[in-house]
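Please read the structure below before turning to the comments.
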Amino acid sequence: MYGGVRRQKVEWGFGMMRWCAVRVVVAVLLVCAGAVLGRAQQIAFTWDDVPAHSAMPPGETRVGIAQKLISAMKDSKLPPVYGFVNGVAGEREPASEPVFKIWRDAGFFLGNHAWSHMNLNTAKLEDWEADVLKNEPLLEKYAAGSDWHWLRYPFLAEGDTPEKRMGARKFLAEHGYKIAAVTMSFGDYMWNEPYARCSAKGDTAAIATLESSYLDAAASDAEFRRAMAKALFGHDIPYVLLMHVGAFDARMLPRLLALYKDKGFSFVTLEEAEKDPFYKGSMDPKLDTPPDMLEGAMHAKGLPLPPRAKADVDVNSLCR
């Protein structure tokens, strides 16, 4: 009798151990799945043309635009973002210079977008390098104590010849730069000038069209980028989103952030996003790698681009 009881207790003990082991395995799988899901559908917001981008509607200021952008990002609890600087804008519009300090005081970062937004594809390499270096005193002034050695190529132009491209990468590596790649962009810059025109005319119907078309373009682009990532890798990668510090972007940012959240995106820093292996050439410019753009990767693998919805509205035609 006692042997049977003892045997039952032993069996019960082994059963409990098996049950606990299963629980542990399930927990580990859930953690792993959570890590994968956490990595999926991530976006790092980045902002070009700090402190001044495109035309402004009546009554707007560069400082006011920056404050709206910062408020929207803070309200949505975005991690610190990078804004890429063209120093010449502060020189042309002295009233925009406080944007640098406002941006940094918000806990955000600044990076290099070349002093005059010079296009490497059409400029001499040595002129472009000088334009990048000309930005550095401003970055040292406003971004001291942070990692401002990130570069966003103006016009996303990495050089029109292999020699120029590798020359630029060698220069960036020698000066300690990492490259802010772009793997998500819906052309947000196109809406800022029409918005200024339509605001000046008081055309509320046209502004409503701008609003809906902007969100439609963002939604369509997100699906386009995700389709490319899944064709290439079978899963999402963390996306680096290119945005601009324009007045319409400031108006639309709360709704844009809500759109991305509704689609299941979470937000990470630029550095966190570029830890993904896809960005290894951006993190180490010494490497001779293809451009870190999804379209280029698709082309390199001989894959057709996924279908992409065409815009129903020509925003440039509005309020002419």
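The values are calculated or read from the model by the stated rules, or taken from the named source; none is laboratory data. Keep in mind the model is a prediction, meaning the values are calculated, not measured. Note that each Cβ is placed from the backbone with ideal geometry, even for glycine, and that neighbours are counted across all protein chains shown. Accessible surface areas use protein heavy atoms only, side chains included; no ligands, DNA or RNA. Shrake-Rupley method; radii C 1.70, N 1.55, O 1.52, S 1.80 Å.
If you go through region 62-93 and keep only what is open to solvent by less than 30 Å² (accessible area, probe 1.4 Å) and basic (Lys, Arg), you end up with just 62. Contact map, region 233-253: first residue under 16 Å from residue 263 (Cβ atoms), second residue assigned to a strand (DSSP E or B) and open to solvent by 10 Å² or more (accessible area, probe 1.4 Å), Cβ cut-off under 6 Å, separation 6 or more or different chains; pairs are 238/42.
Let's see how each residue does on (1) under 21 Å from the mean Cα position of the chain (by Cα); (2) under 30 Å from residue 319 (Cβ atoms); (3) modelled with pLDDT of 95 or more:
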| residue | (1), (2), (3) |
| --- | --- |
| 111 | yes, no, yes |
| 127 | no, no, yes |
| 134 | no, no, yes |
| 141 | no, no, yes |
| 149 | yes, no, yes |
| 153 | yes, no, yes |
| 156 | yes, yes, yes |
| 168 | no, no, yes |
| 189 | yes, yes, yes |
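The residues of region 276-289 that are open to solvent by 30 Å² or more (accessible area, probe 1.4 Å) and touching a helix residue (DSSP H, G or I) at 6+ places or on another chain (Cβ under 8 Å), listed by number, are 278, 284, 286, 287, 288. Of the residues making up region 290-302, those that are surrounded by 14 or more Cβ atoms within 10 Å (Cβ to Cβ) and assigned to a loop (DSSP other than H, G, I, E, B) are 291, 292, 293. For residue 51, the test of being surrounded by fewer than 18 Cβ atoms within 10 Å (Cβ to Cβ) and at pLDDT 95 or above is failed. Each residue in region 99-122 was checked for being open to solvent by 20 Å² or more (accessible area, probe 1.4 Å) and either touching a Pro at 6+ places or on another chain (Cβ under 8 Å) or closer than 18 Å to residue 270 by Cβ (or both), and 6 pass. For region 183-213, residues that are outside any helix (DSSP H, G or I) and in contact with a strand residue (DSSP E or B) (Cβ under 6 Å, 6 or more places away or on another chain) total 3. Step by step: first the residues of region 138-155, then only those that are hydrophobic (A, V, I, L, M, F, W, C) and surrounded by 17 or more Cβ atoms within 10 Å (Cβ to Cβ), then the one that is farthest from residue 184 (Cα to Cα). Which residue is that? Filtering first and then ranking leaves 138. Residue count for region 61-98 satisfying the condition of being among the hydrophobic types (A, V, I, L, M, F, W, C), assigned to a helix (DSSP H, G or I) and under 22 Å from residue 257 (Cα atoms): 7.
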